[in-house]
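A short reminder: the numbers here are calculations on the coordinates, not readings from a lab. Nothing here was measured: the structure is a model prediction, and the numbers come from that model. Neighbour counts are summed over all protein chains in view; Cβ atoms, including those assigned to glycine, are modelled from backbone coordinates with ideal geometry.
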Amino acid sequence: MINTLFSNEQYTVKRFVLGPLKTNCYVLFNHNKDAIIIDPGYYDPILTDWLQSNNINPIMILLTHCHFDHILGIKMFPNLPVYVHENDIELLLDDNKNAAKVYNLSVEYNKNNIISFKDGFKIPCDFADIKAIHTPGHTKGSTSYLALKKILFTGDAIFAGTVGRYDLWGGSEQETKETVKKICNLKQNYSIYPGHGRTSTLEAEKCNNPHFLQV
């Protein structure tokens, strides 16, 4: 399934729902058709075929975290740099910790392409303003990406109406609570594009998400 979530004269964001766990993969591209791919969660030609048929040129991959259902599709792009928070590198390297082994799967990627970063890192992209915000709890290195001063790609940290589970390797209930506070303190009413399920807004979550209402 492919949806257009945002579009103006400069940028477009498409959502691809990939794999059996219905992971949201996002493609942000500009009018020159250069693109950033966020969470290519599954090896699915629907994504690569669409990129090719529309002459979209992917230049990098951003990972919100390193559970297998957000990273299996990295192998479709063997030449792209892959950005991930430094605290999730351990997850990326270990198919037991990223849960791929549970489904008899293996994550494939070029280690030379992996670029780690810290909280507040500005993604080195000429055509879009994107900042990494460390939002742990679901995993140690879970990261949300603030893009175009409008959109927050939250991965599995924040969903519409709830938060990500914290009972998997590296998860933390306390860090999840701190992440909710961190996101809640953002002043602008950003659009929230999560790792699964429907989109939302920060104001809607502040009013309706029980985890936000406890802050």
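Given R₀ = 30 Å, FRET efficiency for Leu213-Lys22 by Cβ-Cβ distance, to 0.05? All intermediate terms of the calculation are to be shown ahead of the outcome.
Working: r = 27 Å, r/R0 = 0.89.
Efficiency, rounded to the nearest 0.05: 0.65.
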ask   = Can you work out ³J(HN,Hα) from phi for every residue in the stretch 35-47, in order, using Karplus 6.51 cos²θ - 1.76 cosθ + 1.60 and θ = phi - 60°, giving whole Hz and x for Gly and Pro?
value = 9, 10, 9, 10, 6, x, x, 8, 6, 9, x, 4, 6
key: Rounded to whole Hz, the Karplus (6.51, -1.76, 1.60) HN-Hα couplings of the stretch 58-71, x for glycine and proline   = x, 10, 6, 10, 10, 10, 6, 6, 10, 5, 3, 6, 10, 10
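Given Cα positions, please report Rg to Rh for the stretch 1-84, the hydrodynamic radius being the Kirkwood one. Don't jump to the answer; show the numbers that get you there.
Values: Rg = 11.8 Å, Rh = 12.6 Å.
Over the Cα atoms of the stretch 1-84, Rg/Rh equals 0.93.
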request  = Under 15 Å Cα to Cα from Lys22, which aspartates and glutamates show up? Leave out anything in the same chain fewer than 8 places away.
outcome  = Asp39, Asp44, Asp69, Asp156
ask   = Can you give the convex hull volume of the alpha carbon atoms of the stretch 99-207 per residue, in Å³?
value = 125
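Kindly give the semi-axes, whole Å and largest first, of the ellipsoid equivalent to the stretch 34-131, taking each as the square root of 5 times a Cα gyration tensor eigenvalue. Show your work: numbers first, answer last.
Details: eigenvalues 92, 69, 18 Å².
In descending order, the three semi-axes are 21, 19, 10 Å.
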task = Identify which of the listed values of P(r) over Cα pairs in 10 Å bins from 0, in percent was calculated from the structure shown: (1) 8, 33, 34, 17, 6, 1, 0; (2) 9, 38, 39, 14, 1; (3) 8, 29, 28, 19, 12, 4, 0.
result = (2)
ask   = By DSSP, what percent of the beta bridges with both residues in the chain are antiparallel, rounded to the nearest 5?
value = 65
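A 27 angstrom limit on the alpha carbon distance is what I want to check against. Which of Lys150/Lys206; Lys75/Lys122; Lys118/Lys177; Lys101/Lys149 exceed it?
Details: Lys150/Lys206 17 Å; Lys75/Lys122 24 Å; Lys118/Lys177 20 Å; Lys101/Lys149 38 Å.
From Lys150/Lys206; Lys75/Lys122; Lys118/Lys177; Lys101/Lys149, over 27 Å: Lys101/Lys149.
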key: Residues whose placed amide H lies under 5 Å from that of Ile192, excluding near-sequence neighbours   = Leu152, Ser200, Thr201, Leu202
task = Would you mind counting up the charge near Glu175? Only other residues with Cβ under 11 Å from its Cβ, with Lys and Arg at +1 and Asp and Glu at -1.
result = +2
key: Relative contact order %, the chain, counting alpha carbon pairs below 8 Å whose residues are six or more apart   = 13
note = Computed ³J(HN,Hα) along the stretch 24-29: with the Karplus parameters 6.51/-1.76/1.60, θ = phi - 60°, integer Hz and x for glycine or proline, the list is 7, 9, 10, 10, 9, 9
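Quickly estimate the mean residue ellipticity at 222 nm for the chain, helices only: each DSSP H run with n ≥ 4 gives -39500 (n - 2.57), and the total goes over all residues, rounded to 500. Before the final figure, lay out the partial values.
Values: 5 runs with 37 residues, N = 215.
Computed ellipticity for the chain at 222 nm equals -4500 deg cm²/dmol.
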inquiry  = Run the paramagnetic zone check for Ser53: 7 angstrom along Cα to Cβ, then residues of the stretch 67-86 with backbone nitrogen under 20 Å.
reply    = 76-77
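Name the GluC sites (Glu not before Pro) in the stretch 38-129 that are in a loop by DSSP and that have at most 16 other C-beta atoms within 10 Å, would you?
For GluC sites (Glu not before Pro) across the stretch 38-129 that sit outside H, G, I, E and B with at most 16 neighbouring Cβ atoms in 10 Å, the list reads Glu108.
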